[in-house]
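Derivation of every value follows stated rules applied to the coordinates shown; laboratory data play no part. Remember, predicted model here, so these are calculated numbers, not experimental data. As a convention, Cβ positions derive from the backbone with ideal geometry for all residues, glycine included, and neighbour counts pool all protein chains shown.
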Amino acid sequence: MTTTTALAQPASPLKRITNVAKLHFANPWTTLGLPWIILGVIFVGSLTIWWLIYSALSPEQREGALEGTEFGGSSFFIFIYMMVVAIQAISITFPFALGYGVTRRDYYLGSTLAFVALAVIYTTGLTVLGAIEKATDGWGMGGTMFAPIYFGESAPERIFVTFVLFLFFLFFGSAIAAVWVRWKATGVTVFFIIVGALLVGLIALTTFTDSWGAVGATLVDLGVLGVAAWSLVLTAMSGVAGFVLLRRATPRNAA
Amino acid sequence: MTSTIEVTNLSKHFGKVNAVNDVSFTVAENKIYGLLGRNGAGKTTLMQLLTGQEFASSGTISLFGQPPVENAKVLQNTCFIKESQRYPEDFRPKDVFKTAPWFFANWDQEFADRLIADFRLPLDRRIKKLSRGQLSSIGVIVGLASRAPLTFFDEPYLGLDAVARQIFYDRLLEDYANHPRTVILSTHLIDEVSNLLEHVLVIDEGKLLINEDAETLRNRATNVVGMKTAVEAFIGNREVLHRDGIGGLSSVTVAGLSESERRDAHAAGLELSPVSLQQLIIQLTRTETKEFEASA
């Protein structure tokens, strides 16, 4: 039978967007597999060290010996890694998806959806592990990895802070990826020079106006929750910047 | 709807480089087009413009009656397979074939499976471990099985061996016969595809040089071979596209001949042979003959 290939019925906008989001999980190795494996390795490494310290001490010395791990940053890697995941995900799937006839708008919205999903998944994971950590009194040794002090003191606080932090790193990553897709290495270099200059500028401004005290006081006033909430502004800015940049980007061959 | 693509005065500049320079043409529905030209002629840029991946400097493009840029309604009917198509590094071919149907409404899984077997593509190997040819076959399979009403193949078979290329041509023709659609194929291997093409667009230095029916184009030139004196006498003031000679023998390519001219040539003891599409295009892109540009 000979039939002229009919034009496809337009897929609904939501369908198009969720399809792009699914694309980021089609092979979950980069987005879901590797990060948990690395986190697992770090955890096992930490457990081993704690156990070495713990078993070298007499029972009365053990009390509070690992208290300092409350300030440890071993799970911080996962946040930085999410930034890397976002950069990789966008720079690799953008030219791929456009070949499939996806618009930049649908692509970006779909990726945004995927990143929020990632933030939810990782927040859930860290929350569960943090809860186990608290319940087992630091894995039986008083160690801290998943619920360090700066994620907040109660479970709801920790959930909020981790979620917001994940969002920040994912969207900051997607902004960097958009710069990369649009202007490649030159663009990213210029981007970091500008970000660096802004930071140095802020530091200089604070120093010259002698306002470090005020800054410190403000941060203490805001508390962990306040600071986390304010990061949402940066997250939103990154998200919008990523969209604006990617909207005019062209998939190029050069890697 | 008769024309799938309408392009009017389309230009794309990169700084001072005119990648596409004031090009106008239309592409009829359900035909196989060849987009031919030398490296850097502007073929890829043109296809990127048509699929909304690149933004035009000036001019207009209409796909299925609408501008393609950021137009999901139009773009979801297109599939663009690039020579250098990059795939997510951790993907395996099976991930590509798992995701493709989400984006192509006409995707035919059975056809895809058959092509996978034809090309002997390993499904479980990571993309970065695949050979150049295997990578190309992924693109070819997606391009064919997607059955997008408008499919672009940009040099789809880098690294594919002759057998695999023949499979591609055969499957394309077969499937096209059952499911007519518009295909735009850009390639260097002009002779290999010349029987496939129904219409030829030749682009050189960003300008559209030839826009003709493949059949008409093939009849546009003839090789005249014979004794030098006889050949020279026959061609007279005729336009010569190409001239070759060894000793007393001469081979000259001339623009299309009428029936009576053919008889004259035979009477003069000259041999006439058709010019291959590839030869013709090489000669046409080399010659700066105004007539050919004008008629293009």
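Observations, loosely collected:
- Among B:241, B:249, B:284, the largest mean-square fluctuation in a Gaussian network model of chain B, built with springs joining Cα atoms closer than 10 Å, belongs to B:249.
- Across the range A:20-28, coupling constants 3J(HN,Hα) worked out from phi with the 6.51/-1.76/1.60 Karplus curve, θ = phi - 60°, read 5, 4, 4, 4, 6, 10, 4, 10, x Hz, and Gly and Pro carry x.
- Virtual spin-label span in nm between residue B:246 and residue A:218, 7 Å along Cα→Cβ: 8.7 nm
- A convex hull fitted to the Cα coordinates of chain A yields 182 cubic angstrom per residue.
- With both residues required to sit in the range B:3-214, DSSP beta bridges show an antiparallel share near 50%.
- Here the peptides A:109-121, B:5-17 are ranked by packing, the mean other Cβ count within 10 Å, and the order with the highest first is A:109-121, B:5-17.
- Partners of residue B:16 within straight-line reach, counting aspartates and glutamates whose Cα lies under 15 Å from its Cα and excluding those fewer than 8 residues away in the same chain: B:205.
- For the range A:59-64, 3J(HN,Hα) computed residue by residue from phi via the Karplus equation (6.51, -1.76, 1.60; θ = phi - 60°) reads x, 6, 6, 5, 4, x Hz, glycine and proline entered as x.
- Listed values for the range B:129-146 are Karplus-derived 3J(HN,Hα) couplings in whole Hz (6.51 cos²θ - 1.76 cosθ + 1.60, θ = phi - 60°), namely 9, 7, 6, 4, x, 5, 4, 5, 5, 4, x, 4, 5, 4, x, 7, 6, 5, and x replaces Gly and Pro.
- Cα gyration tensor shape for the range A:1-129, rounded if a/c is under 1.5, else prolate or oblate: prolate
- DSSP finds beta bridges in the protein assembly as shown, and of those with both partners inside it, around 65 percent are antiparallel.
- Residues with amide H under 5 Å from that of residue B:204, placed H, sequence gap 5 or more: B:209
- Anisotropy class of the range A:119-255 from Cα gyration tensor, a/c 1.5 cut: oblate
- Among A:155, A:129, A:112 - extreme Cα towards positive end, dipole of the range A:105-236, charges at beta-carbon: A:112
- Signed unit charges on C-beta, dipole axis of the range A:10-80, positive-most listed residue A:48, A:68, A:14: A:14
- Cα Rg, Dmax (largest Cα-Cα span) when computed across the range B:3-214, Å: 16.6, 48
- Cβ neighbours within 10 Å from other chains - mean over B:46-55: 3
- Dividing the summed -39500 (n - 2.57) terms of all DSSP H runs of n ≥ 4 by the residue count of the protein assembly as shown sets its mean residue ellipticity at 222 nm at -17500 deg cm²/dmol.
- Average partner coverage of B:88-99, which counts Cβ from other chains inside 10 Å: 5
- A simple charge model with +1 on the Cβ of Lys and Arg, -1 on the Cβ of Asp and Glu and nothing else charged puts the dipole of the range B:219-285 at about 60 debye relative to its Cα centre.
- At R0 = 56 Å, FRET efficiency that the Cβ-Cβ distance of residue A:15 and residue A:77 yields, to 0.05: 0.95
- Those lysines that a straight Cα-Cα span of less than 25 Å connects to residue A:22, excepting residues fewer than 8 apart in one chain: B:73, B:82, B:94, B:98, B:128, B:129
- Placing +1 on the Cβ of every Lys and Arg and -1 on the Cβ of every Asp and Glu, with no other charges, gives chain A a dipole of roughly 1680 debye about its Cα centre.
- Each 10 Å bin from 0 upward holds the following percent of the Cα-Cα pairs of the range A:191-243: 21, 37, 38, 4.
- Computed with the Debye formula from one identical point scatterer per Cα of the protein assembly as shown, without solvent, the log10 of I(q)/I(0) at q = 0.05, 0.07, 0.11 Å⁻¹ comes to -0.32, -0.55, -1.03.
- Ranking B:37, B:142, B:62 by Cα position along the charge dipole of chain B, where only Lys, Arg, Asp and Glu carry charges on their C-beta atoms, puts B:142 farthest toward the positive end.
- Around the Cα centre of the protein assembly as shown, unit charges on the Cβ atoms of Lys, Arg, Asp and Glu (plus for the first two, minus for the last two) sum to a dipole of about 100 debye.
- Prolate/oblate/rounded label for the range B:219-285 (Cα gyration tensor, a/c 1.5): oblate
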